[in-house]
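Derivation of every value follows stated rules applied to the coordinates shown; laboratory data play no part. Everything numeric here is computed off the predicted structure, so don't read it as measured data. Because the Cβ atoms are built from the backbone with ideal geometry, glycine has one as well, and the counts that use them run over all protein chains shown.
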């Protein structure tokens, strides 16, 4: 079956603009995760969803970042008033359930470049 | 604060040798530890999970150990192949959440 897909694959934007990143998880997966990976760095946890609710938003770097998930499926990560330090690869993952023993399946990521 | 350290220097080994990668952590008591492989331009791919009460886990040419006293996991690839060249990430998780904390990864280069 299809894996996790993300769009766009690349996004170049100007500082101060808003961007929306989309994640389509594997069908039937109830948990969805967003991570950020800067050059040469590990994955930084941003937020995760259990169904449509987000029990843990602790990783969002600032109030310019928000995410939603509708219908227990597609999720959108929105970054308002982008800054150059927001440049990174944004990765989405999904898992069957929300426990940490459940394998997380990652999408290919969206590479965001803020000029 | 919680900290995970993986060797930031690339590991270069000869084909056929055993590669050993290290993951050390502090200020954390994980219930689980996972290892992922990441190729350039791609998302990480799950390899192995080991629980806190397990000392060792094997899968084909892969072996993971987990020492909660030393706060360390070792990841071994035996009979390494050039196709094993990639970045390997360790990730820690607790029992009550799906949130994983990742290390920065170690790049392995296997030369023919």
- Task: Identify the residues of the stretch A:88-115 with backbone N under 18 Å of a label point that sits 7 angstrom from the Cα of residue B:52 along the Cα-to-Cβ direction, or state none.
- Result: A:99-102
- Item | Theoretical gain in end-to-end length, residue B:20 to residue B:8 [0.36 nm per residue, Cα-Cα removed] | 3.0 nm
- Message: As a test, work out the antiparallel percent of DSSP beta bridges whose residues both lie in chain A, rounded to the nearest 5.
- Response: 90 percent
- Calculate the mean, over all residues of peptide B:25-32, of how many other protein chain Cβ atoms lie within 10 angstrom of the residue's Cβ. 1
- Note on the structure: Counting only DSSP beta bridges fully inside the protein assembly as shown, the antiparallel percentage to nearest 5 is 90 percent
- Task: With label points built 7 Å along Cα→Cβ from the Cα atoms of residue A:41 and residue B:29, find their separation and express it in nm.
- Result: 2.9 nm
- Taking Cα pairs under 8 Å and at least six residues apart, what relative contact order does chain B come out at, in percent? 36 percent
- Among the Cα-Cα pairs of the stretch B:1-71, the proportion with separation greater than 20 Å, in percent, is 38 percent
- Note on the structure: Restricted to chain B, the DSSP antiparallel beta bridge percent, nearest 5, is 90 percent
- Expressed as a whole number of Å, what is the distance separating the alpha-carbon centroids of the stretch B:1-80 and the stretch A:54-115? 24 Å
- Task: Please arrange A:74, B:64 by counting, for each residue, the other beta carbons lying within 10 Å of its beta carbon, fewest first.
- Result: A:74, B:64
- Query: What number, in percent, do you get for the relative contact order of the stretch A:39-115 if the mean sequence gap of Cα pairs under 8 Å and at least 6 apart is divided by its residue count?
  - Reply: 22 percent
